[in-house]
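Student: Here it is, the structure, as C-alpha cells.
The values are calculated or read from the model by the stated rules, or taken from the named source; none is laboratory data. Everything numeric in this text was worked out from a predicted model, so none of it was measured. Cβ atoms come from the backbone with ideal geometry, glycine included; neighbour counts cover every protein chain shown.
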Amino acid sequence: MATSITWLIIGASRGIGLEFVRQHVSLGHRVIATARSSSSALDAIRQNAPDLVKVLTCDVSSSESINAFIEQFVQSCATKIDYAVINAGILEYPNRSLEMSFDLFAKHLHTNTVGPIIIAQKLLQLQDISIGTVAFMSSDSGSTGNFLSFEDGFAAYAASKAALNQVLRHMAEELKRKKSKTIILALHPGEVATDMSKIDISWEIDGGQITAGESVNGMAQVIRSKTIEHTGTFWTWENKEYPW
Ligand SMILES: NC(=O)c1ccc[n+]([C@@H]2O[C@H](COP(=O)([O-])OP(=O)(O)OC[C@H]3O[C@@H](n4cnc5c(N)ncnc54)[C@H](OP(=O)(O)O)[C@@H]3O)[C@@H](O)[C@H]2O)c1
C-alpha cells in the first residue's frame, strides 16, 4: 500500500516544505511535518487527512526546541522514516559581509547550518528508528565550486549553505564508516517563487522562477531515485549533479 511510505518534513508551515506535505499526502503517503508554529494551510491539510498527517513543533534555531521535538517524535511511535527532508531555512536580505551584524550572521548559521545538522544527528542516534534518506535543503548559493559572485547581499546565507554542505558531506562519510545504509543528500530546489524569493535583487534569474509544485515534484523524484552509492552528493531539482 502507498501509505507504507513515511516522510518527515522539517519546516513545513509554508513554501517548499508545505508543498512537500501537500504532494505526498495527496499520494497517500504518511507525513510527519514540523513547524515553529503551524499555519492555516498546514492545519487544513492535516484536517483533511488526519490519519496521514502529524504536526510536531520544532524551531531549528533552538537546541531546547530540537530536543523537545525529538522527544515528541519518539513518543509518536514512528519506527521508520523513508525520507527526511530538512527544509527549514532563512534568508534575511541583504546580508553583506561589509554590513551584517554579528547576530544576523549567527542567525543564518544557527538556522541554516547548525539546527539542520543537529536534527539529523539526533534522528540518526535513535536506535529503534530506521531512516532511509536525509535530504538537506541547500542552495546553489552555497556552492564554492560554482561561486555566484553576482549575488550581492547573500554573504551570510551563502556561507551558511556552504557550511551545511561541508558538514553533510562529513556526515555521509561518517555514516559510511559505520556501514550505515542511510543516504545523505544535498538539494538545490531551483529559483522558487516563495516568500523567501520576495526580495528586490539586482540580477536576472537565469531561466526564471519555478513554482513550489514544480520544484517539489522534481526534488521528490531525485530523492527517491538515489541509492547508497549516491550518499554525500548534491543535486538540483532537475536531477543534475551540482558542484560543491
Ligand atoms: N525559494 C528559493 O528560491 C530557494 C532557493 C534555494 C534554496 N532554498 C531553500 O529552501 C528552503 C525552503 O525555502 P522556501 O523558499 O520555502 O522559504 P520560505 O517560504 O521562506 O519558508 C521557509 C520555511 O522555513 C521555516 N523556518 C524558518 N526558520 C525556522 C526555524 N528557526 N525553525 C523552524 N522552521 C523555520 C519557515 O517557518 P515559519 O513560517 O515559522 O517562518 C518556513 O516554513 C530553505 O532552506 C531555503 O534556503 C530556497
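Student: With ILE81, ILE90, ILE16 as the choices, which residue is under 13 Å from LEU123 (Cβ atoms) and either near the ligand (Cβ under 9 Å from one of its atoms) or of a type in the set (Val, Ile, Thr) (or both)?
Tutor: The match here is ILE81.
Student: Take LYS122 and tell me if it is away from the ligand (no atom under 14 Å from the Cβ), modelled with pLDDT of 95 or more and assigned to a helix (DSSP H, G or I).
Tutor: When the stated conditions are applied, LYS122 passes them.
Student: Let me ask something else about it. What residue, of PHE147, PHE105, is of a type in the set (Phe, Trp, Tyr) and closer than 26 Å to ARG14 by Cα?
Tutor: PHE105
Student: Next question, about the same structure. Out of the residues in the range 50-85 meeting the condition of being of a type in the set (Gly, Ala, Ser) and part of a helix (DSSP H, G or I), tell me which one is farthest from HIS24 (Cα to Cα).
Tutor: Step by step, filter the range 50-85, then rank; the result is SER63.
Student: Would you check which residues across the range 1-36 are over 17 Å from the mean Cα position of the chain (by Cα) and either at positive phi or part of a loop (DSSP other than H, G, I, E, B) (or both) and list them?
Tutor: MET1, ILE5, LEU27, GLY28, HIS29 - these are the residues of the range 1-36 that are over 17 Å from the mean Cα position of the chain (by Cα) and either at positive phi or part of a loop (DSSP other than H, G, I, E, B) (or both).
Student: Take the residues of the range 144-163 that are over 16 Å from the mean Cα position of the chain (by Cα) and closer than 28 Å to SER180 by Cβ: which is surrounded by the most Cβ atoms within 10 Å (Cβ to Cβ)?
Tutor: THR144
Student: Also, quick follow-up: Please determine, by comparing only the residues of the range 1-30 that are of a type outside the set (A, V, I, L, M) and within 21 Å of VAL114 (Cβ to Cβ), which one is surrounded by the most Cβ atoms within 10 Å (Cβ to Cβ).
Tutor: Applying the filter and picking the extreme gives GLY11.
Student: On to the next question. Step by step: first the residues of the range 66-76, then only those that are without any contact (Cβ under 8 Å) to a residue 24 or more places away in the chain and within 15 Å of the ligand (Cβ to nearest atom), then the one that is farthest from ILE118 (Cα to Cα). Which residue is that?
Tutor: If we take residues in the range 66-76 being without any contact (Cβ under 8 Å) to a residue 24 or more places away in the chain and within 15 Å of the ligand (Cβ to nearest atom), then GLN72 is farthest from ILE118 (Cα to Cα).
Student: Could you grab me the full set of residues in the range 37-49 that are in a loop (DSSP other than H, G, I, E, B), modelled with pLDDT of 95 or more and within 11 Å of the ligand (Cβ to nearest atom)?
Tutor: Passing the criteria: SER37, SER39.
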